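Read-outs: derived from the displayed coordinates by stated rules, not from any lab. Since this is a predicted model, take the numbers as computed values, not measurements. Neighbour counts are summed over all protein chains in view; Cβ atoms, including those assigned to glycine, are modelled from backbone coordinates with ideal geometry.
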Amino acid sequence: MVKNPGFFIAGAVPRGPGALTDFGYAMERHILEAVSLGLGTCWLGGTFSRSAFSRAMGLRDGELLPAVSPLGIPAAEKSLVDGVLSFAARSRLRRPWKEIFHRGRPGVPLSPGEAGAYAEVLECVRMAPSALNRQPWRVVREESADVFHFYIVSEGGGGEIRLPEIDIGIALCHFELAAGALGLSGSWSGKTGSGGVEGWTHILTWEGR
């Protein structure tokens, strides 16, 4: 539970295609940096006063405030309430590999062994936070190359601030940072794979070198 934080990480983006994904990526980089310094953080996408933050930030017309994170010293131990809230948000659960990662085409599970040098990178993606731990991303690795296509699984609706688009930005951040830490070079492109499935939207592709 967050109590009376003195500082927050927040940001605004212009309305437009890709903006929420960019926000998720950039916000997660700041959050991970804060965590590396021993600070406590917590993504808040719907449980904060968006109007109050918008006024404090001087939000302009055409801009969105998708999410914030309190910043402070983490408690040494979780309280009972924290434990209940953590369970309610399913923060200890993640989707299995076979559901998230695919080989060659959707529906063919990719095992950690088949992921090769990228197995640890993909595990970092699997452990990335998302709204209610829905993990709305899917990744398809090409059969004979370190090329990974990232998709969003559409859930429909969501209004102006579509949390799955933020979530996949977080996943992309985890992938890139983990790849860099392991010395795996590559770059992002708009290249699409052999095709997703109905309800899947291609976002970006990592082409390893």
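Give me D for segment 100-155 in µm² s⁻¹, whole number, from Stokes-Einstein with Rh from the Kirkwood sum over alpha-carbon pairs, 4 °C and 1.567 mPa s. Don't skip to the end; give the middle numbers.
Details: Rh = 11.6 Å.
Estimated via Stokes-Einstein, D reaches 111 µm²/s.
Couplings 3J(HN,Hα) for segment 121-127, derived from phi with the Karplus relation 6.51 cos²θ - 1.76 cosθ + 1.60 (θ = phi - 60°), are 4, 5, 5, 5, 5, 4, 8 Hz, where x marks Gly and Pro. Geometric descriptor of segment 7-88, per residue, is 107 Å³ (volume of the convex hull of the Cα atoms).
List Leu110, Leu44 from most exposed to least, where exposure is judged by having the fewest other Cβ atoms within 10 Å.
Leu44, Leu110
Once the Kirkwood radius over Cα pairs is known for the chain, the Stokes-Einstein relation at 20 °C and 1.002 mPa s delivers a diffusion coefficient of 118 µm²/s.
Think of the chain as having a plus end and a minus end, set by charges on the Cβ of Lys, Arg, Asp and Glu; of Ala117, Trp43, His149, Trp43 sits farthest toward the positive end of this dipole. Mind checking the angle between helix 163-181 and the chain's longest principal axis? C-alpha axes, 0 to 90 degrees, to the nearest 10. With rounding to tens, the tilt is 70 degrees. Rounded to the nearest 500, the helix-only mean residue ellipticity at 222 nm of the chain stands at -10000 deg cm²/dmol, with each DSSP H run of n ≥ 4 adding -39,500 (n - 2.57).
Report, to the nearest 10°, how far helix 19-36 tilts away from the longest principal axis of the Cα atoms in the chain, using its own Cα long axis and a range of 0 to 90°. Between helix and principal axis, roughly 70 degrees.
Charge tally around Ser185: other residues with Cβ under 15 Å, Lys/Arg +1 each, Asp/Glu -1 each, net -2.
What is the local net charge at Gly16, summed over the other residues whose Cβ is closer than 13 Å to its Cβ (Lys, Arg +1; Asp, Glu -1)?
On the way: positive: Arg15, Arg162; negative: Asp22, Glu63, Glu160, Glu165.
Result for the local shell: -2.
Percent of C-alpha pairs per 10 Å bin in segment 97-208, short distances first: 15, 51, 30, 4. In the chain, what % of DSSP beta bridges are antiparallel (nearest 5)? If I count the DSSP bridges inside the chain, around 90 percent turn out antiparallel.
What ranking of Val125, Val13 emerges when the number of other C-beta atoms within 10 Å of each C-beta is taken as an exposure proxy, fewest first? Working shown, then result.
Values: Val125 24, Val13 20.
The fewest-first ordering by Cβ neighbours comes to Val13, Val125.
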